[in-house]
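Data block below; observations after.
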Amino acid sequence: MESSLSIYNTLTRKKEKFEPYNPPFVGLYVCGPTVYGDAHLGHARPAITFDVLYRYLKANGYKVRYVRNITDVGHLENDADEGEDKISKKARLEQLEPMEVAQNYTNRYHDSMKKLNVLPPSIEPRASGHIPEQIELVAEILGKGFAYESNGSVYFDVEAYDKKYRNYGKLSGRKLEDLMANTRNLDGQDDKKNPFDFALWKKALPEHIMRWKSPWSVGFPGWHLECSVMSTKYLGEKFDIHGGGMDLMFPHHECEIAQNTASCGCDSAHYWMHNNMITINGQKMGKSLGNFITLDELFSGEHKLLEKAYSPMTIKFFILQAHYRSTLDFSNEALQASEKGLERLMKGVNTLNKLVTSDNSTVDVSDFETRWREAMDDDLNTPIAISVLFDWTRVINQIHDGKQKISAEDLEQLKKSFNTIVFDILGLKDETAGDNTEMIAGLVETLLDMRMEAKANKDWAASDAIRERLTELGITVKDRKDGYDWEIN
């Protein structure tokens, strides 16, 4: 299968033509959430970015296995292997089982993704469901001399690894010499040979709730280990694309590469893709700064920084209007501009469905699909694709106003292409459609109430006329003793 898609590979720092290992099959792995709190804007961006990639690959005929994990153990408060497990801490504070915390926030994450119309992945493995495989990988890395045991914990020996492979830091651009000079020892880390070594297995302290038996201690796996295990278990030792947020590039993804290379001698992922961060009014988002906004708060408007509630599709459209590799700055003004832009686009879709055809066309419909495909093929350039949509929304309005003409054949092609990019690839939805459904339901209920009144007055002709008209419109009415049921066929 010939692909026109080029993607920016963080590993090589350049755009490369996408060539899967085994076309038409594509393996895609993306780091999912650590489920100890509600999903926020920072979770929405990678979910939407890689949803668009997933949709676009499928639209181009690829058979994609998309794996996005759930981290429910091993992610400590500090990247330097200290502090408490984030989920264990939440469980202790809320007096819950850790898996209760993980399940609750996984459910809430799924609910937010559904609202954003993000497709579920093909496989969604959990770290806690792959402990035996993680223990096996630790043993393998130990056996090859790239790890050491210390007081029941096992650490990856970065210096020993780099001595052989000379590539630690190749993804993030970090130099081992700089890490040696600038990484300080932290309290409680005397077990490590070097402060930049990272945990493969941690011995559980007596108060640590989540623990499993291993050859080294009763403990739990390191955070980086799970993604090495789950990506290669479901996609093979070599797979096509590994994605995630730019904040994961170091240490998480760098450590994944080291673990994979140490165990099987290869990086595993061919292309590494990273979405950039979201700032809020020019500041990094953070709980300590008071500018941390969850998706539920955005949807409800209940946050001091929000002037109003914003719909899921407004949030999605806002994210898609910036290239995934650029920083995206949130503000009420930016979201309100996205809201108006989305409304204009959806009006364009509705107008498209009302166009009257002519014998010939004065517009070049093929130009539309050529331009948005060129944009998407250029490293998923959604802002350019959206600008093409707005250009053609103007053309649609011109046709509607009689200033341009379109033939029946061209109109069919334009509708198909417009729906493909708007709904199938960008994954947008017309949120007003839900309002119309409520309005239709209200109208049907009103008519049926009028029918009930006619029956009470023994006006059988009016009662039958209402029922027959609703039947013609595809609505089935079933009378009950105390009222009625109805459904749309």
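The values are calculated or read from the model by the stated rules, or taken from the named source; none is laboratory data. Keep in mind the model is a prediction, meaning the values are calculated, not measured. Cβ sites come from the backbone with ideal geometry, for glycine too, and all protein chains shown count toward neighbours. What goes into the accessible areas is simple: the full protein's heavy atoms, side chains included, and nothing from ligands, DNA or RNA. Shrake-Rupley method; radii C 1.70, N 1.55, O 1.52, S 1.80 Å.
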Handout entry: Distance between region 204-231 and region 20-46 - C-alpha centres, whole angstrom
Key = 22
Completion exercise
Toy charge model, Lys and Arg Cβ at +1, Asp and Glu Cβ at -1: region 1-139 dipole around Cα centroid in debye, rounded to 20, equals 860
Completion exercise
If the label point sits 7 Å along Cα→Cβ of N104, residues of region 73-98 with amide N under 20 Å come out as 73-77, 84-98
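Remind me, relative contact order of the chain in percent, using alpha carbon pairs under 8 angstrom and six or more residues apart? Please list the in-between numbers first.
Working: 725 pairs, mean separation 74.1, N = 489.
Dividing the mean separation by the residue count of the chain yields 15 percent.
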Problem - Accessible area of region 366-410 divided out per residue, in Å², using a probe of 1.4 angstrom - result: 45
Handout entry: Share of carbon and sulfur in the accessible heavy-atom surface of the chain [1.4 Å probe, %]
Key = 48
Problem - Accessible area in square angstrom per residue, region 1-113, 1.4 angstrom probe - result: 40
Handout entry: For region 353-417 versus region 73-95, the gap between their alpha-carbon centres in whole angstrom
Key = 51
Handout entry: Pair-distance profile P(r), taking every C-alpha pair of region 140-251, with 5 angstrom steps and integer %
Key = 2, 10, 17, 22, 22, 16, 9, 2, 0
Practice task
Just subtract the alpha-carbon distance of E453 and N22 from 0.36 nm times their residue separation and send over the number in nm, one decimal.
Solution key: 148.5 nm
Practice task
At 7 Å along the Cα-to-beta-carbon direction for both K415 and E307, put a label point, then send me their distance in nm to one decimal.
Solution key: 3.8
Exercise for the section: Rounded to whole Å and sorted largest first, list the principal axis extents of the Cα atoms in region 18-64. Expected result: 38, 16, 14
Exercise for the section: Ignoring everything but the protein chains, give the 1.4 Å probe accessible area of W216 in square angstrom, nearest 10. Expected result: 40
Exercise for the section: Would you mind computing, in nm to one decimal, how far apart the modelled labels at K14 and S331 are, each placed 7 Å from Cα along Cα→Cβ? Expected result: 3.7
Exercise for the section: Figure the gain on full extension for R469 and L93 (residue separation times 0.36 nm, minus the Cα-Cα span) and round it to one decimal in nm. Expected result: 129.4 nm
Problem - For region 107-145 versus region 247-295, the gap between their alpha-carbon centres in whole angstrom - result: 16
Completion exercise
Result for region 151-250: accessible area per residue, probe 1.4 angstrom, in square angstrom, of 48
